[in-house]
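Heads up: the structure comes next, in structure tokens.
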Amino acid sequence: DAGVTQSPTHLIKTRGQQVTLRCSPKSGHDTVSWYQQALGQGPQFIFQYYEEEERQRGNFPDRFSGHQFPNYSSELNVNALLLGDSALYLCASSLATANSPLHFGNGTRLTVT
Amino acid sequence: GENVEQHPSTLSVQEGDSAVIKCTYSDSASNYFPWYKQELGKRPQLIIDIRSNVGEKKDQRIAVTLNKTAKHFSLHITETQPEDSAVYFCAASPPGGGNKLTFGTGTQLKVEL
């Protein structure tokens, strides 16, 4: 039973560029959430997708956008990259039921130079 | 929005001793409190969670207590082992939050031989 998988594992981009990160949820899960984890900090909620729609959003600018596909996989897009966007981006999947435990992927380490 | 504070930021104990990590939350409506363990370079992994209708939950050497009146919850690890060394994060989620977790800033636990 595959867990949450993310790609790529590492990525280096230049300031101003755009990036797309990908996530496949754990088998049986239909909800995908994205978190940003800066070095030495706890993960911060970016947004959550269910039934191919953004259901909730954290305090992140519109440069951060996402998508969920019919097979429940998801993408996170970040436009106009800033140095401060350098972080570990974690995808987490769960069921749509309230307080269903989150299962995290290994993350994508994004470095913006 | 919700704010979660976590203490201490670092904790060093001798093998076999107990470790306690404490968190406070601001939103009295929050009703789900998971704890995650994150080893260096790895994904956060759920180790235990508690819901607001329960005051205490135990799983082998790990226990969590919740005081809704004071809005704080704690993680207790007994008989610590070197493999318990990791960063531990507490989190809180409001009702109907769809698992929109607000994380604490983490506690670096080091279990010394």
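The values are calculated or read from the model by the stated rules, or taken from the named source; none is laboratory data. From a predicted model like this one, the values you see are computed outputs, not experimental measurements. Neighbour counts run over all protein chains shown; Cβ positions are idealised from the backbone, glycine included. For accessibility, only protein heavy atoms count, side chains too; no ligands or nucleic acids. Shrake-Rupley method; radii C 1.70, N 1.55, O 1.52, S 1.80 Å.
Residues being open to solvent by 40 Å² or more (accessible area, probe 1.4 Å), more than 9 Å from every other protein chain (Cβ to nearest Cβ) and assigned to a strand (DSSP E or B) are entirely absent from segment B:87-105. Can you name every residue in segment A:74-113 that is in a loop (DSSP other than H, G, I, E, B), open to solvent by less than 60 Å² (accessible area, probe 1.4 Å) and facing chain B (nearest Cβ under 10 Å)? Result: A:ALA96, A:ASN99, A:SER100, A:PRO101, A:LEU102, A:GLY105, A:GLY107.
A quick yes/no check of all residues on (1) in contact with a Phe, Trp or Tyr (Cβ under 9 Å, 6 or more places away or on another chain); (2) surrounded by fewer than 13 Cβ atoms within 10 Å (Cβ to Cβ); (3) more than 12 Å from chain A (Cβ to nearest Cβ); (4) in contact (Cβ under 8 Å) with a residue 60 or more places away in the chain:
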{"residue": "B:GLN14", "(1), (2), (3), (4)": "no, yes, yes, yes"}
{"residue": "B:LYS22", "(1), (2), (3), (4)": "yes, no, yes, no"}
{"residue": "B:TYR25", "(1), (2), (3), (4)": "yes, no, yes, yes"}
{"residue": "B:SER30", "(1), (2), (3), (4)": "no, no, no, yes"}
{"residue": "B:LYS37", "(1), (2), (3), (4)": "yes, no, no, no"}
{"residue": "B:ARG51", "(1), (2), (3), (4)": "yes, no, no, no"}
{"residue": "B:GLY55", "(1), (2), (3), (4)": "no, yes, yes, no"}
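Do the conditions hold for A:SER73, that is, is it over 17 Å from B:PRO44 (Cβ atoms) and under 12 Å from the mean Cα position of the chain (by Cα)? So A:SER73 passes the test.
Candidates are the residues of segment A:8-32 that are among the β-branched types (Val, Ile, Thr) and part of a strand (DSSP E or B); the one that is most open to solvent (accessible area, probe 1.4 Å) is A:ILE12.
Of all residues in segment A:33-48, those satisfying the criterion of being out of contact with any Cys (no Cβ under 9 Å at 6 or more places or on another chain) and assigned to a strand (DSSP E or B) are A:GLN36, A:GLN37, A:GLN44, A:PHE45, A:ILE46, A:PHE47, A:GLN48.
Considered as a group, the residues in segment B:66-76 that are among the aliphatic types (A, V, I, L, M) and either buried (at least 24 other Cβ atoms within 10 Å of the Cβ) or assigned to a loop (DSSP other than H, G, I, E, B) (or both) include one that is farthest from the other protein chains (Cβ to nearest Cβ), and that residue is B:ALA70. Condition check for A:GLN56 on (1) of a type in the set (S, T, N, Q); (2) open to solvent by 40 Å² or more (accessible area, probe 1.4 Å); (3) assigned to a strand (DSSP E or B); (4) under 24 Å from B:LYS42 (Cβ atoms): one failure, at (4). Screening A:ASN71 against (1) under 21 Å from A:PRO101 (Cα atoms); (2) open to solvent by less than 80 Å² (accessible area, probe 1.4 Å); (3) polar (S, T, N, Q) leaves a single unmet condition, (2). Only one of the listed residues (B:GLN6, B:GLN45) is open to solvent by less than 40 Å² (accessible area, probe 1.4 Å) and within 13 Å of chain A (Cβ to nearest Cβ). That residue is B:GLN6.
Among residues of segment A:60-72 that are at positive phi, none has a beta-carbon under 7 Å from a residue that is open to solvent by 50 Å² or more (accessible area, probe 1.4 Å) and modelled with pLDDT of 95 or more at least six positions away or on a different chain.
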